[in-house]
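Heads up: the structure comes next, in structure tokens.
The values are calculated or read from the model by the stated rules, or taken from the named source; none is laboratory data. Just so it is clear, the model here is predicted, and its values are computed rather than measured. Please note: Cβ atoms are built from the backbone with ideal geometry, for glycine as well, and neighbour counts cover all protein chains shown.
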Amino acid sequence: MSNTTITEAQFRDALRQVNDPEIGRSLVDLDMVENVVLGANNSATVTIELPTPAYPRRERLAESIRAVLAGKFENIGPVEVQFHAKVKGKETGGAIGLRAKNVIAVGSGKGGVGKSTVATSIAVGLQLAGAKVGLMDADIYGPSVPHLLGVNQRPEIVEQKGPDGQTIRRIQPIDANGLKVMSIGFLVAPDEPVIVRGPILHGTIRQFLAETAWGDLDYLIIDLPPGTGDIALTLSQLLGLAGAVVVCTPQQLALLDAVKAINMFRKVKIPVLGIVENMSGDVFGRGGARQKAAEMGVPFLGEIPIDAQIRVNGDAGQIAASFDAGSTSRGPLMNVCEQTAIQIAKSLLETPSMPTLEIL
Ligand SMILES: Nc1ncnc2c1ncn2[C@@H]1O[C@H](COP(=O)(O)OP(=O)(O)OP(=O)(O)O)[C@@H](O)[C@H]1O
Ligand SMILES: [Mg+2]
């Protein structure tokens, strides 16, 4: 059939055989084939809609498409593959007026494992990939996001028009190079203790979610305080989260704490997106979290090596510098961002949206 013209129907049919290498299902079933334009001599331009701009190794997908087409049609011309990303999500913040497609909580069982570093890095990385991202510091007692990003302005209160024309007051999040950030650290002096108890804690978290002028977000990342499940419970009562990222270090004890954190998230009905091993490669070794993730039946989202530059950047309020071209941590950090976004895309295929718990 070397002289025959390939029809669009034949071409689209062949694309059924291309599996998305990340999600493992047919591009057609995933509704990822956005457009097909056939040209002279059986050349073609295919536009693929990715579920996240943080989609890893696009070229690999382009190669699978070309390989399947070449196997199917011996007379195929050059195939150009174009990409375009559209983040999908559960968009469950409607009841409290939050317009974030996916809300991701970052937690751990144990303090000091690098939760805030990882949460902030996930936010920065997803934003660098091209997503609209917010970062909310829910560590009411020890906020560290302002310090990591080097921002500490006091947020302004803005007035907006509500749906019925009424005036509503909103807190303007701080803009950190395009990342929208909110933290209790912006509202109190750094040396002032924050005294927040049960019901007020719930109210503060609710206010941060509902009364911050986040605008439309693809991802809202929430940095949780260590340990207790209070805030996780509050979050799950207010909205359906895309899921939680559990951070741990390679030590055996930290791994046990990670198991506790996973069980805690499960108890409050927040799906676990996966585990990140942070400070990998120190004297306690590496790889323990990957194994623990397999045992617990949760995805492994990657390892972030112990790297003095990550600490130096965080201390200098320059955490985004860890993503600079040539930075050794860029690859591992971006990998965690990509795997987190891919797990969300996968989970959207598997589960119907998780209902919000009744407010107790
Ligand atoms: N991969 C890494 N390599 C080197 N240092 C790191 C790494 N990750 C985090 N750190 C450092 O470890 C310290 C603790 O990190 P971080 O504040 O992010 O932890 P945390 O879990 O949020 O702590 P807390 O429980 O107090 O909220 C910081 O000094 C940070 O710079
Ligand atoms: Mg922290």
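Some points to look at:
- Test: residue in the stretch 249-271 that is touching a residue at least 40 places away in the same chain (Cβ under 8 Å), assigned to a strand (DSSP E or B) and under 23 Å from Asn102 (Cα atoms): no
- Annotation note: Cβ proximity below 7 Å between a residue of the stretch 311-340 that is within 18 Å of Asn152 (Cα to Cα) and part of a helix (DSSP H, G or I) and a residue that is more than 16 Å from ligand 2 (Cβ to nearest atom) and of a type in the set (A, V, I, L, M, F, W, C) (sequence gap 6+ or interchain) occurs for Asn313/Ala321.
- Of all residues in the stretch 167-182, those that are more than 16 Å from ligand 2 (Cβ to nearest atom), at pLDDT 95 or above and assigned to a strand (DSSP E or B) total 5.
- When residues in the stretch 85-130 are screened for being over 28 Å from Gln251 (Cα atoms) and touching a Leu at 6+ places or on another chain (Cβ under 8 Å), 16 of them pass.
- Residue match in the stretch 308-330 (condition: modelled with pLDDT of 95 or more and either closer than 25 Å to Ser236 by Cα or outside the structural domain of Val103 (by TED's automatic domain parsing) (or both)): no
- In the stretch 98-155, residue farthest from ligand 1 (Cβ to nearest atom) [restricted to those that are modelled with pLDDT of 95 or more and polar (S, T, N, Q)]: Asn102
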